[in-house]
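Peer 1: Attaching a single structure in structure tokens format; questions to follow.
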Amino acid sequence: MKKLSFYLVVTLLLLVVSLVFVMQNTMPTTQLNFLLWTIPPTPIGILALFSLILGIFIMWFFSLMVFIGNGTKHRREINEKEKFIKSLENEKAKIQDDLSKLKQQISDSFASNPKSMPPEQPDNGKKE
């Protein structure tokens, strides 16, 4: 919230300074030429205000492109991590399946030969 307030104050200050500049510079300038464009005599304040607004839109456009690029990068990273998590979950399920098969084999082998079965150990609250 503080960051937004700071930007709002700076924007309003820039607007006020720009309007003061425009109001003070109302005399027409000489004709401006650029490549094939010809700009008739216009007050320099209006040209400066136009340049300011054009600069704001250009910076907004580039910051938007950076924001979109970062969003795409983060989405790609999320997708990669989700795939990695899915592969780990599949590996965990396979290991648990193998473990249950081994337990079943052990219990089957001891069921066929009960004399070789190890004595049961008391559960003292420790988990493996």
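Peer 1: So residue 41 fits all but one of (1) assigned to a helix (DSSP H, G or I); (2) surrounded by 10 or more Cβ atoms within 10 Å (Cβ to Cβ); (3) not charged (D, E, K, R); what number is the exception?
Peer 2: Condition (1) is where residue 41 drops out.
Peer 1: Could I ask something else about it? Cβ-Cβ below 9 Å, separation at least six or inter-chain, first residue in segment 14-43 and on the phi > 0 side of the Ramachandran plot and free of Cβ contacts under 8 Å to residues at least 12 places away in the same chain, second surrounded by 10 or more Cβ atoms within 10 Å (Cβ to Cβ) and not in a loop (DSSP other than H, G, I, E, B): which pairs?
Peer 2: none
Yes/no per residue for (1) in a helix (DSSP H, G or I); (2) over 29 Å from the mean Cα position of the chain (by Cα); (3) among the acidic types (Asp, Glu); (4) at pLDDT below 90:
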{"position": "55", "(1), (2), (3), (4)": "yes, no, no, yes"}
{"position": "60", "(1), (2), (3), (4)": "yes, no, no, yes"}
{"position": "75", "(1), (2), (3), (4)": "yes, no, no, yes"}
{"position": "90", "(1), (2), (3), (4)": "yes, no, no, no"}
{"position": "94", "(1), (2), (3), (4)": "yes, yes, no, no"}
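Peer 1: Working only within segment 1-20, note down all residues that are over 21 Å from residue 60 (Cβ atoms) and at pLDDT 80 or above.
Peer 2: The answer is 20, and nothing else.
Peer 1: Okay, moving on. Regarding residue 10, is this residue surrounded by 10 or more Cβ atoms within 10 Å (Cβ to Cβ), out of contact with any strand residue (DSSP E or B) (no Cβ under 6 Å at 6 or more places or on another chain) and free of Cβ contacts under 8 Å to residues at least 12 places away in the same chain?
Peer 2: Criteria met by residue 10.
The values are calculated or read from the model by the stated rules, or taken from the named source; none is laboratory data. Since we're looking at a predicted model, the values are computed, not measured. All Cβ positions, even for glycine, are placed from backbone atoms using ideal geometry, and neighbour counts span all protein chains on display.
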